[in-house]
Amino acid sequence: MADKQQQREVRIKRRQMVVIALVAAGLVIGGLHWWQRNAEQQGRLVRQRAAALAWANLQHCVFGAPLGTIASLPRRVRLIELAGGRSGDTDSWPTRCTVHGIELHDALDDRGPAGALKAQLGERLGGEKQWVIDEPAAQLEGLAALAKQAGLPPVAATVTGPPLLDRELLQKERIVPLSPWNATLVDSDQLEDGTVRLLFGSPARGLQLCELRPDDGGADCGTVPVQGASAGVKLQPGGTLAVLSRPAAGAQGRSTYRADTGAEVTLHGGLYRGMALIEIGDHEFELAEVQDGQAKREAKLKLPMNSSTPWLMADHLAWLEPSGGLGHRLQLRKLTADGELLGDKQAVAAVPASREPSQVCHSGTAAVALFGTAQRPTALVFYDGQSWSSSVAVGAALVPVGAGSTTGSVPPATAGKGDARLDVPVQRRHQEASEFGIIGLLGSAEPAPDASASPWGKVPSKTSGLWGKPKDRPSTGRRARALKSGRSRPGLPTHSFTCGEGTAALTWREPRPGRDHIHQLHCTPTGCRRSEATILGLGVKVWWLATALGSRTLLVWRARGGELRMRLAPLAELAKTEDALIMDSADHGGPATVDLAAFVGRSAVVFLFRDVGYQGLRINGEGEVASLL
């Protein structure tokens, strides 16, 4: 009995041990399973956190903010590019952000919503040879929704975002058109006070005259009550009275009309400061004072053979006249003196030129005339409203040769042995004095066909003067000259000739690989000095303008990205001055700038261009940019 009892106890103990072993094994197996599941869960959490951080860094590195907070990814990319974010280097934006895309891809699960995001990343960022982010707007568009479905929690980024433009650019819709959308620019000029006159023509509204004032930003536009097509209509140069001319019906010559009333007037030729001048014979002219479109009194002017065409300079009529073996001498007659037309003739200065100046610039009662070309200026003649002085080009700069007044003469200008070409990479273009205005309408690189520097306007081939019936010109054995307006199509300049009272400046750009040289020749009646600024990395696509505005120099250009940029600073500080953005390209909300032209005033520049109609953009001497209307 005892043995049986003992055996039973042994069996019970064995069963207990088996149970304990089974329980222990179960506990171990369960613990291992729990540990494994917990480890897997922890691993998923770690990968999810890594994926969330990589996603946050990817968004911030590329866009500087979460995708869900950005209204337009392409616009965001453009603002980053305009701020200088994209430089093209492999380690620059947005290429440098590729590493965060790879980190996100590696941290995502292969299945479920995370797998869908992972597949899209591989498809969009992964190339045949290497992963790269180079078109961020297209590559990351729509990934925010997939990231949300994948359950990636929002976390703070640990990387630096790209630069972002923080100023508003001038948008197309903020620039008010000056003309109807289908208008054409019939004619344009610029008066001595800087006023720019634009004559538009359109089928619906006929002729429209706009007067722009660069210095104060004013613009006045109105309909011209002259009926008929705009073909052949021209602005006659003038002051406050705007006069138009068009080919006369069934007769030679042109009919002339007042722009404000449309009334036909009997004035032929051009109008300056209330004066009109036409050529009535060989070297014979007629000057008339005009009031309300009618000539009130007249005076005749006979010039010697081989004289230049007369031009207006301040309140004087000027021309070059042969002076024996001394070349040509500048001659002057005041437009009015002692109540009469044309004052006494005065010989002022010997000038190393035989024809009228290529450019004349007015500033109040002062004026400056440039003889020769921009590549090779031969002389500058200054008038400060009372006295005259002249300078001649020698070597690399213009040097003074004498000064005088209207009551005396200037010693003959002589050039020394050091004469050399002034290397300005432009071609001269004749233009009339009125187009230069206070600071000047600028010369263009393309010569205008059949253009002259005469400021007096086109005249008929047969005329009896300023009014009356046409008559034959006197026969001289050769074709008599007809004074032409010299106005050329407005356009972008390659150089600028600007002036103030007693000062003149010639400014031009010399492009070189990787850099731009801005040259400026600044002259006064006592001498000239030449300065230069070398600027690196402007990235010019289309050059617009380099000109002096007072003591500063203004540069305007289209950069390679299409945006319009500018710099405004004293010449010596241009290289270290930051660019200012004006407006974007037409592909990014800016206006198209077709048929671009530049007009410069005393303290501001006006650009005229065509988008939806003609539009005007003004930049003043403080760097402020605005639409004209």
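The values are calculated or read from the model by the stated rules, or taken from the named source; none is laboratory data. Quick caveat, the model's predicted, so the values are computed rather than measured. Please note: Cβ atoms are built from the backbone with ideal geometry, for glycine as well, and neighbour counts cover all protein chains shown. Surface areas here come from the heavy atoms of the whole protein model, side chains and all, with no ligands, DNA or RNA. Shrake-Rupley method; radii C 1.70, N 1.55, O 1.52, S 1.80 Å.
When the range 194-221 is limited to residues that are more than 26 Å from the chain's Cα centre (by Cα) and loosely packed, with under 14 Cβ neighbours inside 10 Å, the one that is modelled with the highest pLDDT turns out to be Pro203.
Can you name the residue in the range 299-328 that is in contact with an Asp or Glu (Cβ under 6 Å, 6 or more places away or on another chain) and not in a loop (DSSP other than H, G, I, E, B) and, of all such residues, is modelled with the lowest pLDDT?
Trp311
Does the range 548-569 include one or more residues that are within 15 Å of the chain's Cα centre (by Cα), assigned to a loop (DSSP other than H, G, I, E, B) and among the polar types (S, T, N, Q)? No, the range 548-569 has no match at all.
Within the range 153-169, being surrounded by 14 or more Cβ atoms within 10 Å (Cβ to Cβ) and within 29 Å of Gly562 (Cα to Cα) holds for Gly161, Pro162, Pro163, Leu164, Leu165, Leu169. Taken across the range 608-629, residues that are outside any strand (DSSP E or B) and open to solvent by less than 10 Å² (accessible area, probe 1.4 Å) do not occur at all.
Of the set (1) more than 19 Å from Gly84 (Cα to Cα); (2) touching a residue at least 24 places away in the same chain (Cβ under 8 Å), all apply to Arg512 but (2). Tell me, which residue of the range 330-356 that is open to solvent by less than 30 Å² (accessible area, probe 1.4 Å) and assigned to a strand (DSSP E or B) is nearest to Arg376 (Cα to Cα)? Filtering the range 330-356 for residues that are open to solvent by less than 30 Å² (accessible area, probe 1.4 Å) and assigned to a strand (DSSP E or B), the one nearest to Arg376 (Cα to Cα) comes out as Val351. Each residue in the range 125-152 was checked for being closer than 21 Å to Ala71 by Cα and open to solvent by 50 Å² or more (accessible area, probe 1.4 Å), and 7 of them qualify.
Residues in the range 199-215 that are over 15 Å from Gly232 (Cα atoms) and either in contact with a helix residue (DSSP H, G or I) (Cβ under 8 Å, 6 or more places away or on another chain) or assigned to a strand (DSSP E or B) (or both): Leu209, Cys210, Glu211, Leu212, Arg213.
Inside the range 181-192, residues that are surrounded by fewer than 17 Cβ atoms within 10 Å (Cβ to Cβ) and either in a loop (DSSP other than H, G, I, E, B) or not β-branched (Val, Ile, Thr) (or both) make up a count of 2. Within the range 71-115, the residues that satisfy the criterion of being free of Cβ contacts under 8 Å to residues at least 40 places away in the same chain, out of contact with any Gly (no Cβ under 9 Å at 6 or more places or on another chain) and in a loop (DSSP other than H, G, I, E, B) are Ala71, Ser72, Ser87, Gly88, Asp89, Thr90, Asp91, Asp110, Arg111.
For every residue, the table says whether it meets (1) among the acidic types (Asp, Glu); (2) over 30 Å from Gly126 (Cα atoms); (3) out of contact with any strand residue (DSSP E or B) (no Cβ under 7 Å at 6 or more places or on another chain).
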residue	(1), (2), (3)
Leu152	no, no, yes
Glu173	yes, yes, yes
Gly201	no, yes, no
Leu209	no, yes, no
Asp220	yes, yes, no
Val224	no, yes, no
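Tally the residues that are open to solvent by 10 Å² or more (accessible area, probe 1.4 Å) and either touching a helix residue (DSSP H, G or I) at 6+ places or on another chain (Cβ under 9 Å) or farther than 16 Å from Leu521 by Cα (or both), restricting the search to the range 357-382. Don't jump to the end; show me each part of the working.
Initial filter on the range 357-382 (open to solvent by 10 Å² or more (accessible area, probe 1.4 Å)): 364-365, 372-373, 375-376, 378.
Applying the additional criterion that residues be either touching a helix residue (DSSP H, G or I) at 6+ places or on another chain (Cβ under 9 Å) or farther than 16 Å from Leu521 by Cα (or both) yields 364-365.
Residues meeting the conditions: 2.
Among residues belonging to the range 170-179 that are open to solvent by less than 20 Å² (accessible area, probe 1.4 Å) and not small (Gly, Ala, Ser), point out the one that is modelled with the highest pLDDT. Looking at residues that are open to solvent by less than 20 Å² (accessible area, probe 1.4 Å) and not small (Gly, Ala, Ser), I get Leu178. Taking the conditions exactly as written (free of Cβ contacts under 8 Å to residues at least 40 places away in the same chain, in contact with a Gly (Cβ under 9 Å, 6 or more places away or on another chain), closer than 24 Å to Pro153 by Cα and among the polar types (S, T, N, Q)), does Gln120 satisfy them or not? Judged against the criteria, Gln120 is a match. Among the conditions (1) farther than 27 Å from Arg560 by Cβ; (2) at pLDDT 90 or above; (3) of a type outside the set (A, V, I, L, M, F, W, C), the only one that Asp110 does not satisfy is (2).
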